[in-house]
Each structure stands twice: as C-alpha cells, then as structure tokens.
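Quick note: the coordinates plus some simple rules give every number you see, no bench work behind them. What you are looking at is a predicted structure, and each value in this text was computed from that prediction instead of being measured. Backbone-built Cβ (ideal geometry, glycine too); neighbour counts: all protein chains shown.
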C-alpha cells in the first residue's frame with residue numbers, strides 16, 4: 001500500500017508547490033475545475049500505467065494543463081498520516097465516485113479527500129436519485145445505463161456517509177445540491193427504457209421511439225456536495241463558484257432534523273452531532 005504521495009518517484013517535484021488534489025477519471029476537465037474553485041497547481045492520479053503515460057503526455061504538452069502534475073498511483077491506496085493530513089487546500093472528486101466498486105471504496109475516497117484537505121472537498125457525480133421516477137414513466141438517463149458507472153450513489157446514502165464523518169469531527173459542514181436541470185423528455189440525455197446501454201445523446205434516427213415534450217420537475221443531471229473541513233466557513237462562496245442552475249437539497253448549517261423529537265436541532269446545539277438526520281422529505285422529483 002502506498003503510505004504517502006512519493007514526490008521523487010512520481011516526478012511531482014516539491015509538493016509544497018501544489019495546492020489541490022484531483023480524484024478523477026477525466027483529468028482534462030477536472031484539473032480546470034480545480035482552478036475554477038480557486039486552485040493554482042493541482043495533482044491528479046492515474047493508477048493504470050499505460051493510461052498514465054498517455055495522460056501525462058497530454059498534460060505536459062497542453063499550455064492550460066502543463067502547470068499540473070499526474071501521479072501514477074490509485075488515490076484510494078494513499079494511507080493518511082501526519083505527512084499528508086491537511087497538506088493541500090482542497091480536493092475535487094469529479095468523474096470518479098460513480099466508477100468505484102461500491103460503498104466501501106466510496107467511504108475511503110471521501111475519507112482520504114477530507115483528511116488531506118485543509119479547507120474543503122468538492123464532489124460532483126451523475127444524479128441517480130431520479131432513476132426510479134424516470135423508470136416508472138418509461139425513461140432512463142444515458143449515464144444511468146453506462147457500464148463503467150458501477151456505483152449509483154444516491155443523496156441519502158451520501159448523506160449517511162458524510163454525517164458519520166461529521167460526527168467524528170472531520171467536517172465543519174456540508175451542502176448537498178443538484179445542478180443542471182432536465183426540464184423535459186426532449187433533453188438528449190433522456191432515453192427510452194428499451195434504448196441500448198452505453199449510449200451518448202439520444203438520436204431519433206438510431207434509437208427506439210421516445211415520447212417527447214413530457215415535462216419533468218426536480219430532475220437534475222448532477223448530484224454535488226461541498227464539504228468544508230473543520231474551521232472553514234466558505235460554503236456559500238464556493239457554491240456561487242459553480243456556474244450552473246442549482247437547487248440545494250440539504251444544508252447542515254440549518255440544523256439536523258431529529259425524528260424522535262420531530263424538531264430541528266439548531267447548528268449551535270451540542271446534541272446535533274448525535275442526531276441522525278432525515279432527508280428523504282427532500283427527494284421529490286416528479287414527471
């Protein structure tokens with residue numbers, strides 16, 4: 001197991017020069033996202049040696065990506081220790097969580113991201129919350145029927161993971177939100193149920209018949225979370241940096257709902273770290 005990010009072995013230079021980490025299977029879009037969120041120089045990861053060599057060449061020869069570095073290890077294999085704890089300003093997980101093997105890898109990825117960041121973690125993945133609603137109406141999204149998307153993480157499961165780390169004191173607060181609404185069935189990411197898997201945009205000439213002009217409510221393409229690490233208070237500022245139409249699903253700063261008392265535990269109440277919140281009431285997509 002990799003105990004630390006080996007700067008010399010991976011030709012990463014002085015780690016002090018880098019201020020953010022990228023957990024992603026699409027470095028070309030995820031590294032610029034880190035810059036959008038205020039980063040200057042990032043470190044990405046690619047465990048596959050063949051892909052690593054291809055990506056490293058692409059990054060090194062791209063004038064927009066050349067400042068960043070790629071390391072040939074799996075970020076899940078980094079063992080957290082005193083040398084890398086809170087070492088970087090933030091970590092992004094984009095085009096990543098949906099490709100993991102399941103809940104245990106998801107927990108480990110989020111744990112490593114939180115522990116190596118001093119300020120915040122930003123996670124963005126396809127939104128699988130609306131799969132059942134779409135299914136009942138004869139639809140699916142292309143990203144929900146994609147072979148490499150082996151981890152269909154939903155918002156309530158994400159909440160459960162984050163709330164555990166919140167109770168441990170690793171997290172200051174977290175904001176779960178949707179982005180990029182799907183307003184009707186005409187959106188090209190929407191396919192009929194009998195459309196083949198692993199498809200990109202819907203094409204009327206090559207895909208089965210699809211009902212058009214069916215209006216959707218509260219169905220979005222992306223599920224995102226901003227996690228602030230203990231001491232960081234910048235959730236609102238970071239939220240505004242995401243340039244898309246958004247809808248907040250859950251904000252831990254508004255308190256935690258206590259089912260036993262049927263009331264909201266205020267953010268400054270010491271008891272709130274022992275209360276397990278309810279968020280299913282927020283999951284109301286409709287067609």
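Gap in Å between the Cα centre of region 167-238 and the Cα centre of region 54-77? Between the Cα centre of region 54-77 and that of region 167-238, the gap is 27 Å.
Can you work out the FRET efficiency for the pair residue 80 and residue 104, with r the C-beta to C-beta distance and R0 = 22 Å, to the nearest 0.05?
On the way: r = 16 Å, r/R0 = 0.72.
Given R0 = 22 Å and the Cβ-Cβ separation, E is 0.90.
Normalised by the residues of region 61-175, what does the relative contact order come to in percent, with Cα pairs under 8 Å and at least six apart? Reported as a whole number, the value is 27 percent. Which residues in region 81-97 place their backbone N less than 19 Å from a point set 7 Å from the Cα of residue 157 along the Cα-to-Cβ direction? Residues passing the 19 Å test: 93-97.
Using Cβ contacts closer than 10 Å as the measure, can you line up 147, 133, 106 from fewest to most? Working shown, then result.
Values: 147 7, 133 18, 106 23.
Lowest count first: 147, 133, 106.
Model label points for residue 198 and residue 150, set 7 angstrom from Cα along the Cα-to-Cβ axis, are 1.5 nm apart.
Plugging the Kirkwood radius over Cα pairs into Stokes-Einstein for region 134-201, at a temperature of 25 °C and a viscosity of 0.890 mPa s, what D comes out in µm²/s? Approximately 171 µm²/s, per Stokes-Einstein.
Using the Cα gyration tensor of region 6-159, with a ≥ b ≥ c the square roots of its eigenvalues, what is the shape: rounded (a/c below 1.5), prolate (a/b larger than b/c) or oblate (neither)?
Working: a/c = 2.04, a/b = 1.63, b/c = 1.25.
It comes out prolate by the Cα gyration axes.
Given q = 0.26, 0.27, 0.34 Å⁻¹, what are the Debye log10 I(q)/I(0) values for region 57-99, with equal point scatterers placed on the Cα positions and solvent ignored? Taken in order of the listed q values, log10 I(q)/I(0) reads -1.14, -1.14, -1.13. Note on region 128-157 and region 16-36: Cα centroid distance 26 Å, given to the nearest whole angstrom. A crude spin-label estimate for the pair residue 64 and residue 167, with each label 7 Å from Cα along the Cβ direction, gives 4.4 nm.
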